[in-house]
Amino acid sequence: MGKLAAIGCYAYWGLVVFYWTWLDKVESQEILMHRVVWTLVAMVVVIYFRGNMSEYLKAFRDWYVIKWHLVAASLLALNWYLFVYGVTNGRITDASLGYFLCPFATILWGRFFEKETLNYLQLFAIILVAVGVGRLAFNLNDFPYVATGIALTWSSYSVVKKRSKLEIFSSLGMEMTLLAPFALISLFWFGRKGELVWGTQGAGYDWLIVSTGVATLIPLLLYSYAVRRVSLTNMGLLQYIMPTMALVIAVFVFGEPFGGVRLFAFSCIWIGLATYGYDSLHKAPE
């Protein structure tokens, strides 16, 4: 059941590209603000029914916990913004590239912060990925800024989350609570200026915006179930379901260009992934 939950989680994240395109009438910053607010509402409900409310409230008396979750919340918000911006602005391919790069960026952060070592096969895989990204960056009009930002923010978020002492739902709930005041102030400000889509497209569209909270929560529930039952090696390999699905959707459904440059770049990345995956499985315990 653990592997099924992991596959479901990553497949959901891959297919959710369709969901975000339905919100293309809304600017990325407004989606981000709504996502924070409605995810907080959903998280508080889950925390209450899971019986974690006391841990959640107690955490706000610990400055160490607040400090790390404030950093994590900022990184998560920027990651969400970049992904939604990519999807709603015709850069789904770049967004999918970002999540291909996330595990490798995490490896580099691990080497830098945790002094982890790499063998020759792992180093070769990372060099291939660097060549692929470098080829994209060589085209000045096609610099993968969305992909780079997604990879750096998510990998940094993962590093910061290692410092968290809270259960996953209390942790995410705290992050949303820290972001909520900024989100509400921003929504009020844009509303006063008449720049919000909320309330202008009918009740059905407003409910679609509200559903961003549930859309965020569902994969997190699956992820939290899977990560306790599946090895990290398998979780890491299964993670590539999401960007692969997003890339296929971008090219074959939304018609984003995928010429020779991107073919070469993604080939380097896929070969690097296969190399690193082979090495990980070869060393994985029986």
### Task
Filter segment 166-198 down to residues that are assigned to a helix (DSSP H, G or I), over 20 Å from S54 (Cα atoms) and not hydrophobic (A, V, I, L, M, F, W, C), then give me how many there are.
4
### Task
Please state which of the following conditions F143 fails to meet, knowing it meets all the rest: (1) closer than 22 Å to M43 by Cβ; (2) surrounded by fewer than 16 Cβ atoms within 10 Å (Cβ to Cβ); (3) not basic (K, R).
(1)
### Task
Could you figure out which of (1) within 24 Å of V16 (Cα to Cα); (2) hydroxyl-bearing (S, T, Y); (3) at pLDDT below 75 isn't true of T117?
(1)
### Task
State which residue pairs qualify: first residue open to solvent by less than 90 Å² (accessible area, probe 1.4 Å) and inside segment 180-200, second residue charged (D, E, K, R) in any location, beta carbons under 8 Å apart, and separation of 6 or more residues or different chains.
L187/E30; F190/E30; L196/E30; V197/K25; V197/E27; V197/E30; G199/D206
### Task
Taking the options V26, V17, name whichever one is surrounded by 15 or more Cβ atoms within 10 Å (Cβ to Cβ), closer than 24 Å to S155 by Cβ and either at pLDDT 85 or above or not aromatic (F, W, Y) (or both).
V17
### Message
Being open to solvent by 60 Å² or more (accessible area, probe 1.4 Å) and acidic (D, E) is the filter here; which residues of segment 56-70 pass it?
### Response
none
#### Entry: Candidate set from segment 29-43 (those that are aliphatic (A, V, I, L, M) and open to solvent by 10 Å² or more (accessible area, probe 1.4 Å)); member that is farthest from the chain's Cα centre (by Cα)
V41
### Query
Can you tell me which residues in segment 34-80 are farther than 16 Å from L217 by Cα and among the hydroxyl-bearing types (S, T, Y)?
S54, Y56, Y64, S74
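The values are calculated or read from the model by the stated rules, or taken from the named source; none is laboratory data. The shown structure was predicted, so the numbers you read here are calculated from the model rather than taken from an experiment. Cβ atoms come from the backbone with ideal geometry, glycine included; neighbour counts cover every protein chain shown. All accessible areas refer to the heavy atoms of the entire protein, side chains included, with ligands and DNA or RNA removed. Shrake-Rupley method; radii C 1.70, N 1.55, O 1.52, S 1.80 Å.
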